[in-house]
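Only one structure is covered here, and it is reproduced in the block below.
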Amino acid sequence: MSELSKLVLALINDINTKNYDDLLAMLSPEFVHGFLPASLGKLNMGAENRNREQFIAFLKAMEQSVAAFGLQPPLELFESKDATGRDTAIAHLVTDGKSVSGKPFLNEYIMIIKFDGAEGSRKIWKISEFVDSKYSYDRLMAEIGTQSQP
């Protein structure tokens, strides 16, 4: 298994186990996280792009509504280089989690994960997270007490 694949699996594990210290250690000092498409701005909870500390704070805040993310191993995982030559992993992920009320938390993602550093010392530099727009919007509207728009 490649180093990038191992880092993606470690990322998933640390999110699932809420091992935020190890997760923080995986993130570059210049780390950036954001949700896409940009039209889902409300999901970013006030931050278009998060730094590493804001990302950890976001995950902790999610614990108020999501008891277990339940990220599954990638259905698909591709490794490549972006246009600037940066190592990149693209993962197709699903969750089999639970909300704090016991309801299923079933979401689908494409994560574009970019890395900094040389082999053996790579850190995650950026995560762009494409989410299931309809599921995420409907879930958000249910959380804030309004109905979804068709």
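The values are calculated or read from the model by the stated rules, or taken from the named source; none is laboratory data. These figures come from a predicted structure and were not determined experimentally. For neighbour counting, all protein chains shown are included, and Cβ atoms are generated from backbone atoms with ideal geometry for every residue, glycine included. All accessible areas refer to the heavy atoms of the entire protein, side chains included, with ligands and DNA or RNA removed. Shrake-Rupley method; radii C 1.70, N 1.55, O 1.52, S 1.80 Å.
The figures follow:
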| read-out | value |
| --- | --- |
| Full-extension gain in nm, Ala68 to Glu119, via 0.36 nm per residue minus C-alpha separation | 15.2 nm |
| Within-13-Å neighbourhood charge of Asp82 [Cβ basis; K, R +1; D, E -1] | +1 |
| Assigned charges on the beta-carbon of Lys, Arg, Asp, Glu; the range 67-140 dipole about Cα centre (debye) | 240 |
| Accessible area in the full protein assembly, largest first, 1.4 Å probe, for Lys126, Lys103 | Lys103, Lys126 |
| Binned Cα-Cα distance frequencies in the range 63-113 - 5 Å width, integer % | 5, 21, 21, 16, 14, 10, 7, 5, 1 |
| Largest-first ordering by accessible area, 1.4 Å probe, given options Ser80, Ser99 | Ser80, Ser99 |
| Label-to-label distance, nm, for residues given as Phe78 and Asn16 (7 Å Cα→Cβ offset) | 2.4 |
| Listed residues Ala91, Pro73, Leu59: farthest to the positive end of the dipole of the range 11-91 (Cβ charges) | Leu59 |
| Entries of Lys18/Lys98; Lys6/Lys126; Lys98/Lys126; Lys60/Lys81; Lys103/Lys123; Lys18/Lys81 with Cα pairs more than 24 Å apart | Lys98/Lys126; Lys60/Lys81; Lys103/Lys123; Lys18/Lys81 |
| Proximal charge balance of Glu3 [Cβ under 11 Å; K/R count +1, D/E count -1] | -1 |
